[in-house]
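The values are calculated or read from the model by the stated rules, or taken from the named source; none is laboratory data. Everything numeric in this text was worked out from a predicted model, so none of it was measured. Note: ideal-geometry Cβ built from the backbone for every residue, glycine included; neighbour counts use all protein chains shown.
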Amino acid sequence: MRCRICGHETGNDTDLCEDCVERSSDRKELSRRRFLGWGAVTVGGLVGVGYLGAALRLLYPTSSGNAKLQDIGPVGNFPVGQYILTSYTGDGYDDGVYVMNQGGGQFIALDFHCTHLQCPVQWFQSLEKFMCPCHGSQYNKYGQHIAGPAPRGLFHHVIAVQNGRVMLGGQIS
């Protein structure tokens, strides 16, 4: 009988000669199917880790609460009980923040991005709630999540009054 690998005479009833048996036992063969399977698992795992990182960044953005306070105007520009959409330059780009004078020197500042997919929310004074036009998330006047797919309430910003001026800082929660 002849060897099926090299064609030499085997000298017995097997289909491999002794040299080919020795060589094949020295190395472990990686089949094409196993190679492609492991390759697919590896690529899938890397893609999954990337998506997980992006999702976590959307749900839990880095806190910029230590950012330098920016002057956004005198206290008189913010009537008591009304949200005013103002611009804040954070992380090198302009961003929207809703600011409300609650009276007695107390202010609240809420990020204008929905916590679901970062669409800009709109304040509806008559309903006293923020609503996202993209997927219907809703927030009460304090930014707490009340309806829709958003995973949490709106992010708050640092806000302070200094010398009659309203000072706005980065996100804190």
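Which residues, taken from the range 49-85, are modelled with pLDDT of 75 or more and assigned to a loop (DSSP other than H, G, I, E, B)?
LYS68, LEU69, PHE78, PRO79, GLY81, GLN82
Residue by residue through the range 106-119, note down the ones that are in contact with a His (Cβ under 8 Å, 6 or more places away or on another chain) and under 15 Å from ILE84 (Cβ atoms).
Within the range 106-119, the subset in contact with a His (Cβ under 8 Å, 6 or more places away or on another chain) is 108-111, 114-117, 119.
Matches in the range 106-119: ILE108, ALA109, LEU110, ASP111.
How many of the residues making up the range 91-124 are of a type in the set (A, V, I, L, M, F, W, C) and part of a strand (DSSP E or B)?
Going through the range 91-124, the residues of a type in the set (A, V, I, L, M, F, W, C) turn out to be 97, 99-100, 107-110, 112, 114, 117, 119, 121, 123-124.
Within this subset, residues satisfying the condition of being part of a strand (DSSP E or B) are 97, 99-100, 107-110, 123-124.
The total comes to 9.
Is it the case, given these coordinates, that LEU127 is assigned to a loop (DSSP other than H, G, I, E, B), surrounded by fewer than 12 Cβ atoms within 10 Å (Cβ to Cβ) and of a type in the set (A, V, I, L, M, F, W, C)?
Numbers: assigned to a loop (DSSP other than H, G, I, E, B): yes; surrounded by fewer than 12 Cβ atoms within 10 Å (Cβ to Cβ): yes; of a type in the set (A, V, I, L, M, F, W, C): yes.
Against the criterion (assigned to a loop (DSSP other than H, G, I, E, B), surrounded by fewer than 12 Cβ atoms within 10 Å (Cβ to Cβ) and of a type in the set (A, V, I, L, M, F, W, C)), LEU127 qualifies.
Answer yes if at least one residue in the range 156-169 is modelled with pLDDT under 90, within 22 Å of the chain's Cα centre (by Cα), exposed (fewer than 12 other Cβ atoms within 10 Å of the Cβ) and part of a strand (DSSP E or B), and no otherwise.
no
Check off (1) in contact (Cβ under 8 Å) with a residue 12 or more places away in the chain; (2) surrounded by 14 or more Cβ atoms within 10 Å (Cβ to Cβ); (3) not hydrophobic (A, V, I, L, M, F, W, C) for GLN138 and give me the number that stays unchecked.
The one condition GLN138 does not meet is (1).
Test of understanding: among TYR142, TYR88, which residue is under 29 Å from ALA54 (Cβ atoms) and assigned to a strand (DSSP E or B)?
After applying the criteria, what remains is TYR88.
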